Amino acid sequence: MSHHPSTVLIVGATGSIGRYAVAEALRQGYAVRALVRDRARAARVLPAGADLVIGDLTRPETLGPAVDGVDAIVFTHGTTTSERDVRDNDYAGVANVLKALGGRPVRITLMTAIGTTRPRVAYAQWKLRSERLVRASGNPYTIVRPGWFDYNQPGQRTIVMLQGDRRQSGSPADGVIARDQIARVLVDSLQVDAANYKTLELIAGHGPEQDDLTTVFTTLTPDSAGSLDAAEDVVDLPLEGEPELFCHDLSAIERSRHQTPLP
Ligand SMILES: NC(=O)c1ccc[n+]([C@@H]2O[C@H](COP(=O)([O-])OP(=O)(O)OC[C@H]3O[C@@H](n4cnc5c(N)ncnc54)[C@H](OP(=O)(O)O)[C@@H]3O)[C@@H](O)[C@H]2O)c1
């Protein structure tokens with residue numbers, strides 16, 4: 001049986017999913033660290049029991065205390081659909097946290113979005129690049145791409161995981177799911193061995209929520225070892241054409257991975 005983490009950092013803890021993730025991780029018995037920008041606001045919106053750590057994802061020098069001593073990280077942060085915002089916060093946040101780890105192994109769960117592989121959608125491509133960095137980091141991970149938050153109908157609570165990112169209308173027709181359920185899947189994935197190295201789109205079907213998600217994770221195909229892309233994705237982003245920023249981050253993260261081999 002593999003080692004399961006006990007101390008988790010929630011990135012984007014004050015966000016609409018992050019708040020649920022903090023509550024769920026506390027409920028599941030984790031020591032919870034919450035990365036926040038504004039302590040007073042965080043104290044208002046987060047449940048008691050989380051350790052608040054101040055940091056800004058755009059300022060790498062602030063991230064050391066957040067990652068120090070944690071053995072899992074759940075990324076729930078995000079901004080807008082502007083290419084610049086997503087590059088400078090959503091993407092750079094993942095890059096900077098991975099670099100702050102300096103190759104120290106941790107269990108990672110990254111939330112991005114359904115439709116991340118849509119061709120020629122510039123902001124989505126930066127989300128995809130953040131996924132690529134997580135795969136390249138050498139850490140055990142789960143990448144969760146949720147459908148539209150809280151567009152579900154009452155009773156639409158059966159957790160469904162898809163692969164291949166084939167739903168690309170960019171509307172709730174691609175799939176919907178409640179925020180609390182997204183948080184539950186993010187936190188559950190840390191403990192389920194069958195969730196390791198898997199990338200999935202997360203939506204809800206009509207019917208009740210499952211008590212145990214092991215079977216749902218087990219049906220998924222793991223990403224190929226050494227591949228930057230998810231198992232069933234169609235992605236046309238050859239490294240030769242990728243932005244310098246990404247190529248630079250990728251090589252820094254790959255280098256640090258080799259310095260600290262996984263146990
Ligand atoms: N809405 C949907 O239906 C949907 C569906 C699928 C995926 N998504 C994705 O989900 C992501 C999150 O959405 P949300 O509605 O939960 O957003 P949200 O409520 O605005 O939360 C975003 C979180 O990220 C944090 N954050 C942003 N930039 C940061 C930085 N530079 N440093 C530290 N923290 C930072 C925010 O901190 P502060 O509180 O300090 O601002 C906040 O905690 C979006 O990016 C979107 O792509 C959304």
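The values are calculated or read from the model by the stated rules, or taken from the named source; none is laboratory data. These figures come from a predicted structure and were not determined experimentally. So basically every Cβ, Gly included, is an ideal-geometry build from the backbone, and we count neighbours across all protein chains shown. To get the accessible areas, we keep the full protein, side chains included, count just its heavy atoms, and leave off ligands, DNA and RNA. Shrake-Rupley method; radii C 1.70, N 1.55, O 1.52, S 1.80 Å.
Under the rule that an exposed site lies in a DSSP loop and has at most 15 other Cβ atoms within 10 Å, name the longest stretch of the chain with no trypsin sites (Lys or Arg not before Pro) of that kind, not counting the sites themselves.
It runs 167-263.
In terms of solvent-accessible area of protein heavy atoms at a 1.4 angstrom probe, what is the ranking of ASP38, ASP211, highest value first?
ASP211, ASP38
Once phi is turned into θ = phi - 60°, what whole-Hz ³J(HN,Hα) does the Karplus curve with 6.51, -1.76 and 1.60 give for every residue of segment 207-220, x standing for Gly and Pro?
Using θ = phi - 60°, the values come out as x, x, 6, 6, 6, 10, 9, 4, 5, 5, 5, 5, 6, 7 Hz.
Lys and Arg at +1, Asp and Glu at -1: add these up for the other residues within a Cβ distance under 11 Å of LEU228 and post the number.
Net of charged neighbours comes to -3.
Keeping all protein chains in place, calculate the accessible area per residue for the chain (probe 1.4 angstrom), answer in Å².
About 44 Å² of surface per residue is accessible.
Using modelled amide H (1.01 Å from N, peptide plane; none on Pro or chain starts), what sits under 5 Å from the amide H of ARG145, excluding residues fewer than 5 places away?
Distant-sequence amide H within range of ARG145: THR112, LEU200, GLU201, LEU202.
Of all the accessible heavy-atom surface of segment 7-259, with the other protein chains kept in place and a 1.4 Å probe, what percent is carbon and sulfur?
It is 50 percent, rounded to a whole number.
Could you tell me the relative contact order of the chain? Use alpha-carbon pairs under 8 Å, at least six residues apart, and round to a whole percent.
For the chain, the relative contact order is 19 percent.
Where does the charge balance sit around GLY175 when Lys and Arg score +1, Asp and Glu -1, over other residues with C-beta under 12 Å from its C-beta?
Summing Lys/Arg as +1 and Asp/Glu as -1 gives 0.
Between beta-carbons, use under 12 Å as the cut-off and find the net charge around ARG166, counting Lys and Arg +1, Asp and Glu -1.
Spelling it out: positives minus negatives among the neighbours equals -2.
In deg cm²/dmol and to the nearest 500, what is the mean residue ellipticity at 222 nm of the chain if only DSSP H runs of at least 4 residues count, each as -39500 (n - 2.57), divided by the residue total?
Result for the chain, helices only: -8500 deg cm²/dmol.
Find, among the chymotrypsin sites (Phe, Trp or Tyr not before Pro) in segment 180-257, those assigned to loop by DSSP (not H, G, I, E, B) with at most 10 other beta-carbon atoms within 10 angstrom.
Sparse-neighbourhood loop chymotrypsin sites (Phe, Trp or Tyr not before Pro): none present.
Which whole-Hz ³J(HN,Hα) couplings does segment 43-54 yield from phi under the Karplus relation 6.51 cos²θ - 1.76 cosθ + 1.60, θ = phi - 60°, glycine and proline marked x?
Residue by residue, segment 43-54 yields 5, 6, 9, 9, x, 4, x, 8, 8, 7, 10, 7 Hz.
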